Amino acid sequence: MKVVLEHLTKIFPSRDKKEGGEVIAVNDFNLEIPDGKLIGLLGPSGCGKSTTLFMISGLQAPSGGKIYFGEDDVTELSPENRGIGLVFQNYALYPHMTVRQNILFPLQNLKGENKLTKEEMLKRADEAARLVQIGEYMNRKPSELSGGQQQRVAIARALVKMPRVLLLDEPLSNLDARLRLQTREEIRRIQRDTKITTIFVTHDQEEAMSISDFIVVMKLGVIMQTGKPQWVYDDPANLFVAKFLGTPPINVFTGRVEAEKLYIGEECVLDVKGAADQEVFVGIRPEGFILSKEGRMSCAVSGIDVMGRDISVVSSNPASVNTVIRSIISADEMGNISGSTAKFDLKPHKVFLFNKETEERVRFGEQIAAHEKMVAEMKAEGQFYSTHEGPLPREQDDKVREEKPAEEKKGVFAKVKGLFKKKPAQPAPSEEEGAEENTDTEGKKNA
Amino acid sequence: MTKTKHKNNWKAWLYLLPALIILAVFTVWPIINTIRIAFLCRWDNELETVVGYDYQAAMIGKEFVLGFNNFTSVVQNDQFLTCLGNTMLLTVLTVPVSTMLALLIAVALNSIKPLRKIFQTIFFLPYVTNSIAIGMVFAAMFGMIGIMPGREPISIGIINTIIEAFGGTRINWIDQGSSYWANIMVMFIYIVWNALPFKILVLLGGLQGVNKQYYDAAKVDGASRWRTFWRITVPLLSPMIAYVVITGFIGGFKEYSSIVGIFGDDMGPVGKEGALNTMVGFIYEFIDHNQGKASAAALILFAIIFAVTMINLYVSKKKVHY
């Protein structure tokens, strides 16, 4: 079942009436989700991804826009009439019912012509249980199951009604690392077996990249980029997307383009054909460095993490936005580090330039052709591809504060808010989050 | 190690001592003494019968012996069956009704946002009001005055006024000549209303502890409101429901002050004194001249409450989802 979201918007009224300023959780969201695919909605905490999911489920009413399942407009339909299955973040299994009763519950609620006989219900429940491999636990209570098993029961309960669309809210966040790997494969398998259009929400980019057919990267209620995970990773449309995807995270430097040469600090590190002269942020993937004695970029080495096949060189550079630079190189090249300075050459396809003002991508050299090829390929496949257009969203708190000059009055409150903002949303891109805040505030000071 | 442990123990007992002394004197000893007294009786030469223990006789040196006489004479008392019947009837009528009403009101209160605090206060008022005072107000509401010989009584009670306003005929609820079932009806309304606040409080607390996501899940699963109530709310609240039912039964068997509030210590309408007497009222009748009988009656009441509570616990073990 194709799912189409048109201008979907959700505005939450402000809780504090004096403070004013409503919160736009989802802002003019347009997306067409192809039939039978697994889609990952990805973004940091508070980017509106769960809100989007709950609007698709019908549990939250949109403030504006339309939702279509296939050709049906379901915007006004209540959740039970949409034909969706929803798996909650903490599963929300009914604690007083056994696994079988939990799975049967949606079937027992069917009315009218859809009503099933007892035998049919039991058969359907057994089928769903077999699909998620929990057949042997049917008579247990949820509290007697492990997290992973509860997760499967929740999926079985969502699937038993044979939904048109399956929605998963942070399905793996309550599992430990090993189970997470296992369960995400499981979700992939179940989705392939059932061919149900599946949308899942996560803040973990690795999770989203590993199992999704397509990912949708969101920030502050706005789509930043959509596409196949690998393509989005290889061709980020803006600084946010580049920073959000990848572990270890991308290294960001301030630099400038002069006469088709890229300078980081005073060093000319790369030829960038086709890029206009401008101030830029330079994003270099950790795997984009080549250790070389004649390397054009020099960094002060502060440590080396040996990870077996690869090594991770931790170094610093005055032009770096983050405090440390992480580069992953093959262990064979280790001999090329002499003393405390590492010299790097850069792989052009792992280096991304972003305009310093707009933070939008500046492509150069072969990247331009590669990008065009990619877009053409996606269009040929009938796959969706989109990137954010127009000015990128900024942190909303900043917006509110700019509108309100009487900030000093609530000094303590603002401070507390500031603390919250600096708190990293998730472990992976934490360094960048902090760095981004810094640049934001700096930009404000200058203005 | 053991030494310090021992020392700590000694200190702990010391800190507990004041409370333990008070408990021993005012709770433990009276219980033991009640059991002892219940089995004491003597042959009274003047009355030419066996009489129960009373402390005035004990003080002038009368000798008492152990026996079951107090129990047999309590059971054979004319009032005993009336009292037991009234107690049972009121308990069995009021506990289920007040629990159901409390559940409905709690769910309703939990689902409204505006005015919730005001309604909560209104429903909680009976809890903080003296039950005798409430009884007197009820007596005024259901009562009639102006009874003159040979004339129809003139009713001024608001309940009868309302009934007449709706075209009904007035009912003699609690005054002279009123029927037993009219009396029971008044008691029923009064006890249910009086029992509501505590139950609402407990159930509302329970409801607020229920994860809202279960309701979202039920919505997605297509459960109607009624089914959600029966299949989700009631089972999740079942520990609280069991609690209010068990305490409700215990409270019901101890019903006394509500009767006094409405009928005074005659325990019944004028001319039918004692018709609405309860077990506790029965105990109080003997308490100042025949403590033996009073104690025996108290033990019988205890046995009944104990048995009913055991049944409650047994049933709840099967039906309650902890």
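The values are calculated or read from the model by the stated rules, or taken from the named source; none is laboratory data. Keep in mind that what you see is a predicted model, and the values were worked out from it rather than measured. So basically every Cβ, Gly included, is an ideal-geometry build from the backbone, and we count neighbours across all protein chains shown. Please note that ligands, DNA and RNA were not included when accessible areas were found on the heavy atoms of the full protein model with its side chains. Shrake-Rupley method; radii C 1.70, N 1.55, O 1.52, S 1.80 Å.
Mean residue ellipticity, 222 nm, helices only, chain B: the sum of -39500 (n - 2.57) across DSSP H runs of n ≥ 4, divided by residue count and rounded to 500, is -21000 deg cm²/dmol. Thinking of the stretch B:2-71 as a set of Cα atoms, what percent of all their pairs are more than 20 Å apart? That fraction is 53 percent. Using the Stokes-Einstein relation with a Kirkwood hydrodynamic radius computed over Cα pairs, the translational diffusion coefficient of the protein assembly as shown at 20 °C and a viscosity of 1.002 mPa s comes to 64 µm²/s. Residues in the protein assembly as shown average 51 Å² of solvent-accessible surface per residue, probe 1.4 Å, ligands and nucleic acids excluded.
Across peptide A:80-88, the average count of Cβ atoms from other chains found within 10 Å of a residue's Cβ is 3. Cβ-Cβ distance of B:I122 and B:R36, R₀ of 60 Å, FRET efficiency by 1/(1 + (r/R0)^6): the value works out to about 0.80.
Once the Cα-Cα distance is subtracted from the 0.36 nm per residue extended length, the B:K317 to B:V65 segment shows a gain of 86.4 nm.
For A:R309, A:R361, the ranking by accessible surface with the largest value first comes to A:R309, A:R361, using a 1.4 Å probe.
Once the chain from A:K379 to A:Q108 is taken as fully extended at 0.36 nm per residue, the excess over their C-alpha distance is 93.2 nm. Only protein chains counted, 1.4 angstrom probe. Which residues of the stretch B:180-225 are at least 40 Å² less accessible in the assembly than when their chain is isolated? Buried-area filter returns B:Q213, B:Y214, B:A217, B:K219, B:V220, B:D221, B:G222. In order along the stretch B:202-208, the Karplus-derived 3J(HN,Hα) couplings, from 6.51 cos²θ - 1.76 cosθ + 1.60 at θ = phi - 60°, round to 5, 5, 5, x, x, 4, 5 Hz, and Gly and Pro are given as x. Residue-normalised convex hull volume from the C-alpha trace of the stretch A:3-234: 139 Å³ per residue. Solvent-accessible surface (1.4 Å probe) assigned to A:E360 amounts to roughly 60 Å². A compact globular protein would have a Cα radius of gyration near 2.2 N^0.38 Å; the ratio found for the stretch B:267-322 is 1.61.
Only protein atoms count toward the accessible area here, which uses a 1.4 Å probe; on the stretch A:248-361, the carbon and sulfur part of that area reaches 51 percent. For the stretch A:3-234, the share of accessible area belonging to carbon and sulfur comes to 46 percent (1.4 Å probe, ligands and nucleic acids excluded).
3J(HN,Hα) along the stretch A:82-87: 8, x, 10, x, 10, 10 Hz, from the Karplus curve 6.51 cos²θ - 1.76 cosθ + 1.60 with θ = phi - 60°, whole Hz, x for Gly and Pro. Across peptide A:90-98, the average count of Cβ atoms from other chains found within 10 Å of a residue's Cβ is 5. A:T226 exposes around 0 Å² of accessible area when a 1.4 Å probe is run over every protein chain in place. Positive contributions from Lys and Arg (+1) and negative ones from Asp and Glu (-1), summed over other residues with Cβ under 13 Å from the Cβ of A:R82, come out at -2. The portion of the accessible surface of the stretch B:77-286 made up by carbon and sulfur, rounded to a whole percent, is 69 (1.4 Å probe; DNA, RNA and ligands excluded).
Modelled label positions at A:R296 and B:W193, each set 7 Å beyond Cα in the direction of Cβ, lie 9.1 nm from each other.
Across the stretch A:246-262, computed HN-Hα scalar couplings (Karplus, 6.51 cos²θ - 1.76 cosθ + 1.60, θ = phi - 60°) run x, 10, x, x, 5, 8, 10, 10, 8, x, 8, 9, 9, 6, 6, 10, 9 Hz from first to last residue, x flagging Gly and Pro. Of the trypsin sites (Lys or Arg not before Pro) in the stretch B:206-236, the ones in a loop by DSSP (not H, G, I, E or B) with at most 12 other beta carbons within 10 Å are B:K212.
Normalised radius of gyration for the stretch A:248-361, please: alpha carbon Rg relative to 2.2 N^0.38 Å, two decimal places. The value comes to 1.02. For a label point 7 angstrom out from the Cα of B:A58 toward its Cβ, which stretches of the stretch B:29-50 have the backbone nitrogen within less than 15 Å? So the set is B:29-42. Highest mean packing comes first when the peptides A:275-281, A:203-209 are listed by Cβ atoms within 10 Å, giving A:203-209, A:275-281.
Using only Cα positions of chain B, each an equal point scatterer, no hydration layer, compute I(q)/I(0) via Debye at q = 0.15, 0.16 Å⁻¹ and quote the log10 values to two decimals. So the normalised log intensities work out to -1.24, -1.29. When you filter the trypsin sites (Lys or Arg not before Pro) in the stretch A:123-197 for DSSP loop state and at most 15 other Cβ atoms inside 10 Å of their Cβ, you are left with A:R140, A:K195.
List the trypsin sites (Lys or Arg not before Pro) within the stretch A:1-95 that DSSP assigns to loop and that have no more than 14 neighbouring Cβ atoms inside 10 Å. Filter output for the stretch A:1-95: A:R15, A:K17, A:K18.
Between chain A and chain B, roughly 1800 Å² of accessible surface gets buried, counting both sides and using a 1.4 Å probe.
Over the stretch B:151-245, Cα pairs under 8 Å with separation of 6+ residues give a relative contact order of 19 percent.
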